[in-house]
Amino acid sequence: MQHGLRQLVDEVAAQLGFHGDAGDRERLGSAIEARMRSLGLGAQSDYLAILRGPGGTQELRALADALIIGETYFFRGRDHLDVLRRAWLAGPPDRRWRILSAGCSSGEEPYSIAMLADQLGLAGRIAIDAVDVSREALARAEAGEYSPWSLRDTPPEVRRRYFSEHGRRFRIDQRIRGQVRFAECNLLDRAHPLWQRAGYDAVFCRNVLIYFRPDVVESVVGRLAGLVEDGGFLFLGHSEALHTRCPEIELECEDETVFYRKHAGAAGQRSGEDWLALIDGIHRELDEGMARPRLETLPASSLVASPQAPGLSAPRTDVPGRPAPIDPVQVGRLLREERFREALGLLDAAPDDDLPSQVLRAELMFVNGDLEGAHAHCHALLARHFLEAELHQLAAMLCEQRGEPSRAVEHARRASYLDPHFAPPHVLLGRLSLRQGQPRAARTEFEAAIKRLPNEREHRLRLLSGGFGRDALLRYCESQIRACGDSR
Ligand SMILES: C[S@@+](CC[C@H](N)C(=O)[O-])C[C@H]1O[C@@H](n2cnc3c(N)ncnc32)[C@H](O)[C@@H]1O
């Protein structure tokens, strides 16, 4: 991209809070050039003057319209609507509900919510606000007429009940239209009156944040969370949800559906502490072990009754009638020595509710070649602990082995969203992208892996990245980037 245009792209990206990859920036560059042509401008400096002048906001809006893909359809992300439906059914019958659809595009999302409420007999007790930055999308929403493509996921009975056909177009019922109030709003505009409203029982902001910079996402999510009533819901797009951390709201998961919920008082804690105690113990043991003599040179007794390593948290004490907790030092030593079968033997005795040990057990089944056992155990654990990044990475590796690449990609992506520091999912995604003939995506993944590898934990390298060590993996990623050629 030529220097002047790059400058313009930077300027516009900063003003829109736009955060995309090289391809997205190219798209932005093309949108700017198209706008300049339509305004009859030849010099980039003239366009910059417009952006910085009194008409700048309007021009940005036009660019956003050209740039943003308003792709949406009725009943998209139905699992979120099911969460809302269950909450409606569980709530008191006379309760009134306020819903916000932020980034509503041409109205399919808020109208789907209105239809669902109507089906449950809630019509008179629900108020839906819907906002978007795109005037053009809002005009389409207000018109309420759709192509069959927008109704591709709409059950036939819903189509019959709430739409009338006009040639090739479907017009939404006036009663449903009357339940949604549309307004123009740029979510980046902190002075917009939307932020004064608060008290929403559910806020939807799905597939909107994907192009925002991480700091912008955080600030928008923080403000959206502020609009949610105690006990209320915040639904983000699936990948957006996992990326986002906001102390006011808690990540929850129901039947594999991920969403946020606001609870009165402090945010609760997930079952992370035990996990960290065990894994930190193993990790430390592995790292310290690098500087120690190899195990064969140690007396055999040290394996059986290992002293507590300095700095480790005290081993958890036995509860009568319950299997003894697992000693991280001992497991760590066995892992360091790649004595995976013995480590698995130790973990076979772990209590069922000891999640960290059970996850490690599934990983060890995998490295010991028991793919069926690993698959069954991993998925049994995932059904109860859907937010565990390592389980998703293991599931991804298992899917790859079973010749299911698209499921492998899905799990590896979840793993990387759940834990932004996790290197092995990026290595796997890079490999799969290359195999699918996508060198640009592969390069991005390998670069992400290289960034994360130096601080990656030893046990995750050993168990969740095909048995390579850190240096070998770094070299592998570098060689794969070279294999991608100049695909920027
Ligand atoms: C892909 S659509 C998502 C529509 C719907 N939420 C869904 O999930 O199907 C993204 C919408 O976000 C809107 N949008 C993008 N940036 C925005 C901003 N800064 N403020 C408000 N809306 C924005 C776009 O105009 C577009 O209509």
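The values are calculated or read from the model by the stated rules, or taken from the named source; none is laboratory data. Everything quoted here is computed from the prediction, not taken from an experiment. Glycine also receives a Cβ, built like all others from the backbone with ideal geometry; neighbour counts cover every protein chain displayed. With ligands, DNA and RNA removed, areas are computed over all heavy atoms of the protein, side chains included. Shrake-Rupley method; radii C 1.70, N 1.55, O 1.52, S 1.80 Å.
Before moving on, here are some points about what is shown:
- Distances between placed amide hydrogens fall under 5 Å for residue 208 paired with 237, all partners being 5 or more residues away or on another chain.
- Percent of Cα pairs exceeding the 19 Å cut-off, where the set is the stretch 366-488: 43 percent
- Whole-percent carbon and sulfur share, accessible surface of the stretch 78-262, 1.4 Å: 49 percent
- Label positions at residue 341 and residue 90, each projected 7 Å from the Cα along the C-beta direction, are separated by 4.8 nm.
- Each residue, residue 254 and residue 11, gets one label point 7 Å from its Cα in the Cβ direction; the gap between the two is 4.8 nm.
- Ligands, DNA and RNA are left out, and with a 1.4 angstrom probe the accessible area of the stretch 78-262 is 44 Å² per residue.
- Ratio of Rg to Rh for the stretch 78-262: 0.95 [Cα atoms; Kirkwood radius as inverse mean 1/r over pairs].
- Ordering 444, 257 by accessible surface, largest first, gives 444, 257; the 1.4 Å probe counts only protein heavy atoms, with every chain in place.
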